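One structure is given below, encoded as structure tokens.
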Protein chains: 2
Amino acid sequence: MTDSTAAHPNTAKSLTIGVFDSGFGGLTVLRALLPLIPHAHYLFLGDTARLPYGSKSRETVARYAVSSAKFLHEQGADLLVIACNTATALALPDIQQALPIPVIGVVEPGAHAALATSSFPASNIPDGPNQVLVLATQATVQSHAYTHALSALGLEASEKACPLLVPLVEEGWTNHPVTDEVLKIYLTEALAAAPATQTLLLGCTHYPLIEPAIHRILDAIGHPLTIIDSADATARATATLVAHHFPNLTPTAKPTCIFYATDSIEKFQRLGSNFLGQPVTEVNLVDLGG
Amino acid sequence: MTDSTAAHPNTAKSLTIGVFDSGFGGLTVLRALLPLIPHAHYLFLGDTARLPYGSKSRETVARYAVSSAKFLHEQGADLLVIACNTATALALPDIQQALPIPVIGVVEPGAHAALATSSFPASNIPDGPNQVLVLATQATVQSHAYTHALSALGLEASEKACPLLVPLVEEGWTNHPVTDEVLKIYLTEALAAAPATQTLLLGCTHYPLIEPAIHRILDAIGHPLTIIDSADATARATATLVAHHFPNLTPTAKPTCIFYATDSIEKFQRLGSNFLGQPVTEVNLVDLGG
């Protein structure tokens, strides 16, 4: 038999990974996934008609996130990555319950990445535990999902809601004195409340775009920190999950991506390219109600 | 006959005015309506689960605004005030077509108020026409609704999208150096492009909360302007419409208000009070889909 795939049906299976965010930020997770899992087909949904999730209630976010996740499953996703901190923090169990496929969020991988870089777990230092500071949206902070995930790993956490950072990134002011000033205010307040902080976790997928500014301000206020970006950690955790659930995949030459947005295709293409780091093409408008 | 209302049935008619915004800003219009039309029952809807409208497409805003307007009509509104610049600019004709009751927006009244304060209509000054600068959301600016409304009155307009102002107001930074700095950037850019500006029109119902800061920055950059707030103008135009359509109303002792929000009631009560200038009570959660 010359066709090896016929002898091993599993190797013929192609993999479709759904990636979901309320908007554009989740494209930083897709960006990290592409080189790590090149043998996959990707479907990305940005629920741009209903964004932002970060200022809304748990009930509303859960309703939006579950309908978005179901859409990607209906389009053929074999595995779903919730590339949105707010949706993960507020609705991961709801999404997992609603779908019969593996679903992974960004909070757990982010917490594990913080542990990996933290040389001093809290329990080992009685006179001053290492703390992880999480910057996130209002809704993510109110859920305390990061505090729970970090506590489970023996790390102490403090959380700071930073509602102006997403609008500043979307205004394109990623390298701008106003953004520096806002960061200075947020970081000074947060570090005054948690002076033992040694690690900073970016708990929103918009924030990697201002990581250089965050480093600059931390240096300026004399409190340099290790910065964790959950996009890379989530991509690595997804690769582990893929290896576990789909062990025999046919490698393909290049990953393919189809994009869906619930609002303006033109805006998704324009803003999305900044987050993906390459042109965003083939965007489809979808109506998820509302 | 002792019951005078029986002899004049029209005088027994009570009036219910629906007021709609994507969020909280429209409460500044309700605040202006209450003393001006005290003999009415008010229904206010904040579509907080789907805000902001200002960054979204015409199609999405029209869908949201029409469903919100229909809800208020179903609850008994006899007349509807679209107390949202973006919904007015992008969807007033859609709403008027969808409802069998009078519907008024904020753009026309704002433009008329600009005309009333403008002593130099463009056509009279060949060597340097007076211009009206409109500050608004991205979507309102892209619609050019204000330019069309002002042009129809013989006024020249320039428009400036100010996407950071709503988040700054919602962060509570109405009197804050960062807001001053952002205003300085926006106003300097806008006035460099339209140096003949003499009147500033606040084309978003969030902006009246930072009117003192706007005055301060205009003075600082040496370009003081007359500032028009469309909330008062809209309330006056609504009073005219009420007098025309409902001439014989029974005066009531005090206006009553019922509030509806599509997301968190607690947040609506907390933030809404800043815009209404008095406590917001009796808020009902409604699901308009999505």
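The values are calculated or read from the model by the stated rules, or taken from the named source; none is laboratory data. All values reported here derive from a predicted model rather than from experimental measurement. Cβ coordinates were reconstructed from backbone atoms using ideal geometry, including for glycine residues, and neighbour counts include every protein chain displayed. For accessibility, only protein heavy atoms count, side chains too; no ligands or nucleic acids. Shrake-Rupley method; radii C 1.70, N 1.55, O 1.52, S 1.80 Å.
Taking (1) away from chain A (no Cβ under 14 Å); (2) on the phi > 0 side of the Ramachandran plot in turn, B:Ala213 satisfies each apart from (2). Kindly establish whether B:Thr117 is away from chain A (no Cβ under 14 Å), open to solvent by 30 Å² or more (accessible area, probe 1.4 Å), of a type in the set (Ser, Thr, Tyr) and more than 18 Å from the chain's Cα centre (by Cα). Taking the combined requirement at face value, the residue satisfies it. The set of residues in region A:236-272 that are charged (D, E, K, R) and more than 10 Å from chain B (Cβ to nearest Cβ) comprises A:Arg236, A:Lys254, A:Arg270. Taking the condition crowded, with 24+ Cβ neighbours inside 10 Å, under 19 Å from A:Ser143 (Cβ atoms) and not assigned by TED's automatic domain parsing to the domain that holds A:Tyr207, does A:Val66 pass? So A:Val66 does not fit the description; no. Would you check which residues across region B:267-283 are open to solvent by 60 Å² or more (accessible area, probe 1.4 Å) and either β-branched (Val, Ile, Thr) or closer than 22 Å to B:Glu74 by Cα (or both) and list them? Of everything in region B:267-283, those that are open to solvent by 60 Å² or more (accessible area, probe 1.4 Å) and either β-branched (Val, Ile, Thr) or closer than 22 Å to B:Glu74 by Cα (or both) turn out to be B:Thr281, B:Glu282. Do we find a residue being over 18 Å from the mean Cα position of the chain (by Cα), free of Cβ contacts under 8 Å to residues at least 24 places away in the same chain and in the same structural domain as A:Leu33 (by TED's automatic domain parsing) anywhere in region A:231-241? No, region A:231-241 has no match at all. Residues that are within 14 Å of chain A (Cβ to nearest Cβ), assigned to a loop (DSSP other than H, G, I, E, B) and out of contact with any strand residue (DSSP E or B) (no Cβ under 6 Å at 6 or more places or on another chain) occur in region B:273-288; there is at least one. Screening B:Ala83, B:Ala65, B:Ala98, B:Ala89 for residues that are out of contact with any Leu (no Cβ under 6 Å at 6 or more places or on another chain) and under 19 Å from A:Pro52 (Cα atoms) leaves exactly one candidate, B:Ala65.
Across region B:267-288, the qualifying residues are those that are more than 20 Å from the chain's Cα centre (by Cα) and among the polar types (S, T, N, Q), and the one among them that is farthest from B:Thr174 (Cα to Cα) is B:Asn284. In region B:40-63, the residue that is nearest to the other protein chains (Cβ to nearest Cβ) out of those that are of a type in the set (A, V, I, L, M) and crowded, with 21+ Cβ neighbours inside 10 Å is B:Ala49. Once region B:156-186 is narrowed to residues that are more than 10 Å from chain A (Cβ to nearest Cβ) and in a helix (DSSP H, G or I), the residue that is most open to solvent (accessible area, probe 1.4 Å) is B:Asp180.
Residue count for region B:231-266, restricted to those that are closer than 30 Å to B:Gly172 by Cα and open to solvent by 50 Å² or more (accessible area, probe 1.4 Å): 5. Of all residues in region A:248-272, those that are assigned to a loop (DSSP other than H, G, I, E, B) have Cβ atoms under 8 Å from Cβ atoms of residues that are basic (Lys, Arg) and at pLDDT 90 or above, 6 or more apart or on another chain, in A:Thr262/A:Arg50; A:Asp263/B:Lys56; A:Ser264/B:Lys56. Is it the case that some residue within region A:26-33 is open to solvent by 20 Å² or more (accessible area, probe 1.4 Å) and within 24 Å of A:Lys254 (Cβ to Cβ)? Yes - at least one qualifying residue is present in region A:26-33. Total residues in region B:72-113 satisfying the condition of being outside the structural domain of B:Phe24 (by TED's automatic domain parsing) and touching a Pro at 6+ places or on another chain (Cβ under 6 Å): the figure is 0. Scanning region A:189-210 for residues that are open to solvent by 40 Å² or more (accessible area, probe 1.4 Å) and within 13 Å of another protein chain (Cβ to nearest Cβ) returns a single hit, A:Glu189.
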